[in-house]
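J.: Take a look at this one; I'll ask things after.
The values are calculated or read from the model by the stated rules, or taken from the named source; none is laboratory data. Everything numeric here is computed off the predicted structure, so don't read it as measured data. Positions of Cβ are backbone-derived with ideal geometry, glycine not excepted, and every protein chain shown enters the neighbour counts. Side chains included, ligands, DNA and RNA excluded: accessible areas come from the protein's heavy atoms. Shrake-Rupley method; radii C 1.70, N 1.55, O 1.52, S 1.80 Å.
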Amino acid sequence: MQALFDKMKEYLNMDTEISFEEFDGYYKEVIDFLGKGWEGLGEEESMQMLFILDNLKSNADDRAKRRVKEMKKYKKIVERTDIWISAMMKRLHEMGLNDEEIGKRYEAIYEAV
């Protein structure tokens, strides 16, 4: 989990855009990780995963709006990450966090990057 979070921070601090192949590879690593045990994530890890998913979604959405050959693949990434974002939000709510608390903690993560 920490490696995925660190990789996202690295991507966000880059001056250049990564290739579709690297983007897709990272996305698949995240989805594979989630498929193997997202329910075992603690509160802090769940917040970090929400951060990862939200950034994947927004970057895929931005790329899906361009006229590139991978446009449809990016749209699928947006759809799938949106489902996982909903699941992570539900999990955080079950852990006792409300939307305001989640928002504040998300902003704190973003500012630390």
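J.: So if each residue of separation counts as 0.36 nm, and I subtract the Cα-Cα distance between residue 3 and residue 62, what length gain in nm does that give?
T.: 18.8 nm
J.: Another question, if that's okay. Taking the Cα centre of region 59-111 as origin and charging only Cβ (+1 Lys, Arg; -1 Asp, Glu), how large is the dipole, in debye to the nearest 20?
T.: About 700 debye.
J.: I want to check the label-to-label distance for residue 108 and residue 22. Put each point 7 Å from Cα in the C-beta direction and report it in nm to one decimal.
T.: The two pseudo-label positions are separated by 3.1 nm.
J.: Okay, next question. Top to bottom by accessible area (1.4 Å), largest first, where do 68, 78 land?
T.: 68, 78
J.: Please give the per residue accessible area of the chain, computed with a probe of 1.4 Å over protein heavy atoms only, in Å².
T.: About 60 Å² of surface per residue is accessible.
J.: How big is the Kirkwood radius of the chain, worked out from every pair of different alpha carbons and given in Å to one decimal?
T.: Result for the chain stands at 14.5 Å.
J.: Let me ask another. Evaluate E = 1/(1 + (r/R0)^6) for residue 93 and residue 12, where r is the Cβ-Cβ distance and R0 equals 22 Å; express this FRET efficiency to the nearest 0.05.
T.: After rounding, the FRET efficiency stands at 0.30.
J.: Here's a follow-up. Per residue of the chain, what 222 nm ellipticity follows from adding -39500 (n - 2.57) for every DSSP H run with n ≥ 4, rounded to the nearest 500?
T.: Mean residue ellipticity at 222 nm (helix-derived): -26500 deg cm²/dmol.
J.: Right, another one. Taking Cα pairs under 8 Å and at least six residues apart, what relative contact order does region 1-111 come out at, in percent? Mind dumping the intermediate values first?
T.: Working: 63 pairs, mean separation 30.4, N = 111.
Relative contact order, region 1-111: 27 percent.
J.: Taking a 1.4 Å probe, which of 67, 105, 80 shows the most accessible area, and what order do the others take after it?
T.: 67, 80, 105
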